[in-house]
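Structure first, commentary second.
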Amino acid sequence: MTSQTDPQIRPESPSEHRGVGAAEPHESAALHVTGAAQYTDDIAVRDPRTLHAWPVQAPHAHARVLALDTAGARAVDGVVEVLTAEHVPGINDAGVKGDEPLFPRVVMFHGHAVCWVLGETQEAARRGAEAVVVDYEPLDALITLDEAIAAESFQGRQPVLRRGDVGAGLAEAPHRFSGTFSFGGQEHFYLETHASLALVDEAGQVMIHSSTQHPTETQEIVAHVLGVASHEVTVQALRMGGGFGGKEMQPHGLAAVAALGAVRTGRPVRVRLTRTQDITMTGKRHPFAAQWEVGFDDAGRLRALKAVITSDGGWSLDLSEPVLSRALCHIDNAYLIPAVEVLGRIAKTHKTSQTAFRGFGGPQGMLIIEDILGRCAPLLGLAPDELRRRNLYRPGDVTPYGQPVRHAERLGDIWDQLEDRADVVARRRQVEEFNARHGHRKRGLALTPVKFGISFNFTAFNQAGALVHVYKDGSVLINHGGTEMGQGLHTKMRQVAATALGVPLEQVRLAPTRTDKVPNTSATAASSGADLNGGAVRNACEQIRQSLAEVASRRLGVHSHDVRFSDGEVRGLGTEPVSFADVVRDAYLQRVQLFAAGYHRTEGIHWDPVAMRGEPFKYFAYGAAVSEVEVDGFTGAHRLLRTDILHDVGDSLSPLIDVGQIEGGFVQGVGWLTLEDLRWDEGDSPGRGRVLSQAASTYKLPSFSEMPEDFTVHLYERATEPGVVYGSKAVGEPPLMLAFSVREALRAAVAAFGPGGSSVELPSPATPEAVFWALRRAREAAGDEAARDEAAEPVSGG
Ligand code: MTE
Ligand code: MOS
């Protein structure tokens, strides 16, 4: 039977009271689609006294600021103030590493803001910014990763992931291959650009509204820029229109500019980047370059991997070190590699400071091994799917950093179930038949797995707090440290509270995330938002429920252990129910506390970042996808015909939300791998270092038309995860990597243009243009064969 006192056991019929496990829409879905949802900038423009900030962006990738003359700006009608370094009362730095001057003396990337103008209107501020005269001394700039590597321009630690004797492993492997692979980054392109609003009250208390995934860190940076203590600054994150990691560290400096402006003028100050400012000023997913050497045995099993991987960190460290750690910890993806030696480096270039992006380096590490397998399979004479299947982790295996792969059997199980569900064997035959009949169109089908570690590598971040209030009428208000960016965290937290207190969902409201409610929070990141904050919300609710059980036991005449809470009612074994609200009223009259602070820390994890060893992850999330594509031989254009996904979310807290996360993550991954092409001016013109793809007109994002035409997502069943809130698993990031199936399907389709069995090198992103050149190479390799095929093509085909 259902027991509310056992936290692992769920209610029997979640759909009735809409608690955990119920398919609930996003709590703000109706507000999102009607435009009624308020975002940070909606709050900012309500007050007519609000001043607007505009940056003066440098037109050089690297330059010394010799002189800054703001007199012209001050003369512009409507300009109120020009903020420069001399106005900073505290520390002139916007980062946590001390390497990000807020008002720089040396410009480090094209578009770097050297000062900010405040105006009565945004237009006045913009005209003011144009009137600021800056004298620059241009310096040499490193723009490409290759240039930085050649110049040995690196920053941060250079960790090595090591297991076994890689030299011996390679020497003994009967099949050895080596190669290089460089691939692109990704612009977050959240719908809401960065925004903050700062207000100062009569006592000097600073209130910041910010589109931040990490309110506590925004608070800390604002405090140190202002030279005040943390308790003088409050940060609220109402909701974000997407964060995707781009608002984990990048909001701090912008919030500090608003705060500085508010303190100096006494008026509210708003910073909201335009799309082009956002793209040219804020960090993106790290591009990487890899050099590798790999050895296989005769059965196609990986024996050894030796690699050097270098990320492009941009001008400052930001989150580049943890992103690199996660790349190293995911270079195995779902495969056992007995001997490993991978050196990681972060290049320092004169570009935006690259940062977290969904998967946090994991996707980059995994892309490297998937590319290696995709390229080596034909050279080993194996089908790529078969090569992948043979190398999957099995029970008892351990990752290169020393963590046992718990539930490794799920990888093979998910793979086989998916093959069944998606009818892969029959469809592979159909693809072959199609390809035999068509010379100018080819199809490809590929399966790829995902294994993704959940928890912050930095152990201290794996804690969270919550504050739960029960009012006298039995209504519940919850507050937790996580931020809502569209991922459905607040929806899940309401469901957790509803289940933990045994009340209907309507009885639980959620208040915006604020640092004065829950302090010292971690970023809502690493997909751990629901795990950590859910643990804290449940803990707070359980404290309250225990107090209420005592109160109810006296009223019902039963032992408190036998009191049950469900559907807004409280009952003893065999007693008539009383309402939750009645018990709450009794509790108030008996002076029993009706609110609680909850706390959660993830147990059993540890990590040594220098040795790159430990058990940094609470568990792994697993999944697999199979995708089928069709490529046009004349243009390289491709269509995603069908994708089937089977993904492990444990016992889902909220299945509709989870399926949405899987679909959205997958499509965002498809964007990164096949469409989104960030271009920088790498030439010698004065525009060197400029981001060329500054808008949606030049930066192609996935939309409905890039969704698979036939798209099925299933949640892996009987997947209870012990020790995590109600047996669930994190879902935010892992599904992005399911998009590898599309890239590998493209590789298969390209291969079909060439002679059988040759290795295809596919750039990333595999844009139509890149696919076109790849299939041209394949066709050239095919030589006469292609000409013969073309002649044989039926008139109606192709
Ligand atoms: N989903 C939406 N709709 N919007 C987002 O910004 N961010 C992703 C993912 N899903 C994001 C999203 C990223 S990068 C992370 S780390 C997780 O959500 C964070 O949320 P969670 O930890 O609460 O799952
Ligand atoms: Mo997500 S990249 O960890 O914010």
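Annotations
- Residue under evaluation Ala466, criteria (1) surrounded by fewer than 15 Cβ atoms within 10 Å (Cβ to Cβ); (2) among the aliphatic types (A, V, I, L, M); (3) in contact with a Lys or Arg (Cβ under 9 Å, 6 or more places away or on another chain), criterion not met: (1)
- Of all residues in segment 532-544 being surrounded by fewer than 24 Cβ atoms within 10 Å (Cβ to Cβ) and farther than 24 Å from Pro616 by Cβ, the one that is nearest to ligand 1 (Cβ to nearest atom): Glu542
- Residue that is surrounded by the most Cβ atoms within 10 Å (Cβ to Cβ), among those in segment 329-373 that are among the aliphatic types (A, V, I, L, M) and within 16 Å of ligand 2 (Cβ to nearest atom): Ala356
- Test: residue in segment 509-521 that is touching a Lys or Arg at 6+ places or on another chain (Cβ under 8 Å), in a loop (DSSP other than H, G, I, E, B), more than 16 Å from ligand 1 (Cβ to nearest atom) and over 30 Å from Phe452 (Cα atoms): yes
- Single residue of Asp385, Asp332, Asp371, Asp318 found to be in a loop (DSSP other than H, G, I, E, B), of a type in the set (Asp, Glu), more than 16 Å from ligand 1 (Cβ to nearest atom) and not assigned by TED's automatic domain parsing to the domain that holds Ala739: Asp332
- Search result, residues across segment 437-487 that are within 16 Å of ligand 2 (Cβ to nearest atom) and part of a loop (DSSP other than H, G, I, E, B): Ser455, Phe456, Asn457, Phe458, Asn462, Gly481, Gly482, Thr483, Glu484, Met485, Gly486, Gln487
- Hey, Gln661 within 16 Å of ligand 2 (Cβ to nearest atom) and farther than 29 Å from Gly111 by Cβ or not: yes
Rundown of residues vs (1) closer than 30 Å to Arg639 by Cβ; (2) assigned to a loop (DSSP other than H, G, I, E, B); (3) among the aliphatic types (A, V, I, L, M); (4) in contact with a strand residue (DSSP E or B) (Cβ under 7 Å, 6 or more places away or on another chain), yes/no style:
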site	(1), (2), (3), (4)
Leu653	no, yes, yes, yes
Val659	yes, no, yes, yes
Val667	yes, no, yes, no
Ser693	yes, yes, no, no
Ala696	yes, yes, yes, no
Ala730	no, yes, yes, yes
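- Leading residue by the ranking (nearest to ligand 2 (Cβ to nearest atom)) among those in segment 232-287 that are assigned to a helix (DSSP H, G or I) and among the β-branched types (Val, Ile, Thr): Ile279
- All positions within segment 37-59 that are in a loop (DSSP other than H, G, I, E, B), modelled with pLDDT of 95 or more and either of a type in the set (Val, Ile, Thr) or touching a Lys or Arg at 6+ places or on another chain (Cβ under 8 Å) (or both): Ala37, Gln38, Tyr39, Arg49, Thr50
- Put simply, of Ala408, Ala446 the only residue that is of a type in the set (A, V, I, L, M) and surrounded by fewer than 24 Cβ atoms within 10 Å (Cβ to Cβ) is Ala408.
- Test result for Phe772, crowded, with 24+ Cβ neighbours inside 10 Å and modelled with pLDDT of 95 or more: no
- Test: residue in segment 223-241 that is at pLDDT 95 or above and under 30 Å from Thr310 (Cβ atoms): no
- You will find that of Arg743, Arg718, the residue that is basic (Lys, Arg) and in a loop (DSSP other than H, G, I, E, B) is Arg718 and no other.
- Residue count for segment 121-161 satisfying the condition of being hydrophobic (A, V, I, L, M, F, W, C), over 30 Å from the mean Cα position of the chain (by Cα) and part of a helix (DSSP H, G or I): 5.
- Taken as a whole, segment 472-480 holds at least one residue that is within 16 Å of ligand 1 (Cβ to nearest atom), closer than 13 Å to Thr524 by Cα and touching a residue at least 40 places away in the same chain (Cβ under 8 Å).
- Per this entry, Gly529 is counted among residues that are touching a helix residue (DSSP H, G or I) at 6+ places or on another chain (Cβ under 7 Å), small (Gly, Ala, Ser), buried (at least 16 other Cβ atoms within 10 Å of the Cβ) and touching a residue at least 12 places away in the same chain (Cβ under 8 Å).
- Residue within segment 657-669 that is within 16 Å of ligand 1 (Cβ to nearest atom), of a type in the set (Gly, Ala, Ser) and buried (at least 24 other Cβ atoms within 10 Å of the Cβ) present: yes
- Pick from segment 131-151, criterion among the charged types (D, E, K, R) and in contact with a Leu (Cβ under 7 Å, 6 or more places away or on another chain), ranking: nearest to Gly185 (Cα to Cα): Glu137
- Selection status of Gln277, within 16 Å of ligand 1 (Cβ to nearest atom) and touching a residue at least 60 places away in the same chain (Cβ under 8 Å): no
- Among the residues making up segment 176-208, a single one is more than 28 Å from Gly362 (Cα to Cα) and either within 22 Å of the chain's Cα centre (by Cα) or in a helix (DSSP H, G or I) (or both): Ser196.
- Cross-chain or 6+ apart pairs with Cβ under 9 Å, segment 357-376 first and β-branched (Val, Ile, Thr), then within 16 Å of ligand 1 (Cβ to nearest atom): Ile368/Ala327; Ile369/His330
- Taken together, the criteria exclude Ala549 from residues that are in the same structural domain as Ile645 (by TED's automatic domain parsing), surrounded by 21 or more Cβ atoms within 10 Å (Cβ to Cβ) and either among the aliphatic types (A, V, I, L, M) or within 16 Å of ligand 1 (Cβ to nearest atom) (or both).
- Tallying residues that are under 22 Å from Phe458 (Cα atoms) and not hydroxyl-bearing (Ser, Thr, Tyr) within segment 289-313 yields 3.
Quick grid of which residues meet (1) surrounded by 15 or more Cβ atoms within 10 Å (Cβ to Cβ); (2) not basic (Lys, Arg):
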residue: Val134; (1), (2): yes, yes
residue: Ala148; (1), (2): yes, yes
residue: Arg157; (1), (2): yes, no
residue: Gly167; (1), (2): no, yes
residue: Phe181; (1), (2): yes, yes
residue: Leu199; (1), (2): yes, yes
residue: His209; (1), (2): yes, yes
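- Residue list for segment 588-646, filter: without any contact (Cβ under 8 Å) to a residue 24 or more places away in the chain and aliphatic (A, V, I, L, M): Leu589, Ala611
- Any chance Val308 is assigned to a strand (DSSP E or B) and under 30 Å from Val96 (Cβ atoms): yes
- Qualifying residue in segment 733-753 (condition: buried (at least 18 other Cβ atoms within 10 Å of the Cβ), at negative phi and of a type in the set (Ser, Thr, Tyr)): yes
The values are calculated or read from the model by the stated rules, or taken from the named source; none is laboratory data. Just so it is clear, the structure is predicted and the values come from calculations on it, not from any experiment. Please note: Cβ atoms are built from the backbone with ideal geometry, for glycine as well, and neighbour counts cover all protein chains shown.
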